[in-house]
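No value in this document is a laboratory result; all are computed from the given coordinates. Quick caveat, the model's predicted, so the values are computed rather than measured. Counting neighbours? That spans all protein chains shown, and the Cβs are built from the backbone with ideal geometry, glycine included.
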């Protein structure tokens with residue numbers, strides 16, 4: 001059993017949850033990006049796999065006008081993970097904030113009046129979604145990490 005295959009399988013399982021009904025913004029996006037960059041030694045794979053997974057699921061869910069902003073935020077989240085000495089709750093919260101900031105900037109730019117009032121309105125109306133973003137990010141990162149740690153403990157050869 002290959003370490004990378006286990007990581008890919010766990011990410012795949014998390015990503016599949018995007019296809020099932022779920023609360024708005026309670027998704028594996030940041031969790032999988034942080035997990036990938038933390039666990040893969042191949043950083044090209046760590047940065048590209050979450051984007052690839054998003055593209056595949058977006059084929060089924062649908063692309064939107066803010067999709068480029070969402071993908072940009074995933075790259076930013078991967079950078080947060082890459083430059084963090086370890087992934088902790090602060091890094092996860094930074095990722096949630098980054099996603100909130102970038103994705104809602106896209107919503108404001110493309111769907112609201114490009115004024116200060118439009119900007120404030122957009123971000124204010126997005127606040128309820130931020131709660132689910134944070135909860136989803138914490139849940140999915142910790143679920144992936146916990147699962148991988150359990151698998152590694154059961155199969156010590158994966159730790160190398």
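What angle, in degrees between 0 and 90 and rounded to the nearest 10, separates the Cα long axis of helix 67-83 from the longest principal axis of the Cα atoms of the chain?
50
Under 10 Å, Cα contacts only: if you run a Gaussian network model on the chain, which one of 28, 68, 50 comes out with the highest mean-square fluctuation?
Highest fluctuation of the listed residues: 68.
Provide, for q = 0.12, 0.14, 0.20 Å⁻¹, the log10 of I(q)/I(0) from a solvent-free Debye sum over equal Cα point scatterers in region 1-113.
-0.41, -0.55, -1.11
Extending each Cα 7 Å along its Cβ direction at residue 155 and residue 9, get the distance between those two points in nm, one decimal.
0.5
Which FRET efficiency value, to the nearest 0.05, do you get for residue 45 and residue 121 by plugging their Cβ-Cβ distance into 1/(1 + (r/R0)^6) with R0 = 45 Å?
Using R0 = 45 Å, I get an efficiency of 0.70.
Between residue 129 and residue 16, what is the label-point separation in nm under the 7 Å Cα-to-beta-carbon projection?
Rounded to a tenth, the inter-label distance reads 2.7 nm.
Where does helix 3-16 land angle-wise versus the long Cα axis of the chain, in degrees 0 to 90, nearest 10?
Value to nearest ten degrees: 40.
If each residue of separation counts as 0.36 nm, what is the full-extension length gain between residue 139 and residue 114 once their alpha-carbon separation is subtracted?
5.6 nm
Using a simple spin-label model with points 7 Å from Cα along the Cα→Cβ vector, what separation in nm is obtained for residue 83 and residue 146?
Computed distance between label sites residue 83 and residue 146 equals 3.0 nm.
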